[in-house]
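J.: Let me begin by handing over the structure; questions about it come next.
The values are calculated or read from the model by the stated rules, or taken from the named source; none is laboratory data. Note that this is a predicted model, so its numbers are computed, not measured. As a convention, Cβ positions derive from the backbone with ideal geometry for all residues, glycine included, and neighbour counts pool all protein chains shown.
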Amino acid sequence: MVTIMSMQIVGAVCVIIGLMMNLDPVKFNENIMGKVDKKAVNPLAALRLVIGGGIAAVGIINLYCSFTITSTDALNAILLATAIGLIVMGVTVISGKLRGFSDQIPPMPIAILGVLTAICLYASLF
């Protein structure tokens, strides 16, 4: 039960974030990066659409599997894979600062990714 509920929480949050990124990518970028040069607004928005689609896809996979798969082992494997994927996303967000592409590490994405990763790891390993 904890496994299914965890998958549904992670799935719903990822779908919501993906939708937010896709509904208004310019505003989403401004909230994370502040004002950017006018020439960069559209290319950044296009990239945000793709990132949002990827996050929404992870969410849809988790939601779909939570309703269709009955094997606890399979659900645990999917949750563990989701945690690993979320860790990779977090590392790429942090690497933007470490590699000099951004001035700071955005705290909200790291917090959300951290919480979702913790939920996945807790449900899949315990």
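Let's see how each residue does on (1) acidic (Asp, Glu); (2) surrounded by 14 or more Cβ atoms within 10 Å (Cβ to Cβ); (3) modelled with pLDDT of 95 or more:
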{"position": "Glu30", "(1), (2), (3)": "yes, yes, no"}
{"position": "Met33", "(1), (2), (3)": "no, yes, no"}
{"position": "Lys38", "(1), (2), (3)": "no, no, no"}
{"position": "Arg48", "(1), (2), (3)": "no, yes, yes"}
{"position": "Ile51", "(1), (2), (3)": "no, yes, yes"}
{"position": "Ala56", "(1), (2), (3)": "no, yes, yes"}
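J.: Turning to a different aspect of this structure: Would you mind finding the one in Leu47, Leu63 that is within 27 Å of Met5 (Cα to Cα) and within 16 Å of the chain's Cα centre (by Cα)? Don't jump to the end; show me each part of the working.
T.: Details: Leu47 fails: within 27 Å of Met5 (Cα to Cα).
Answer to the check: Leu63.
J.: Let me ask another. Being surrounded by 14 or more Cβ atoms within 10 Å (Cβ to Cβ) and touching a residue at least 12 places away in the same chain (Cβ under 8 Å) is the filter here; which residues of region 61-76 pass it? Please lay out each step first, then the result.
T.: Residues of region 61-76 surrounded by 14 or more Cβ atoms within 10 Å (Cβ to Cβ): 61-63, 65-66, 69, 75-76.
Ile61, Asn62, Leu63, Cys65, Ser66, Leu75, Asn76 - these are the residues of region 61-76 that are surrounded by 14 or more Cβ atoms within 10 Å (Cβ to Cβ) and touching a residue at least 12 places away in the same chain (Cβ under 8 Å).
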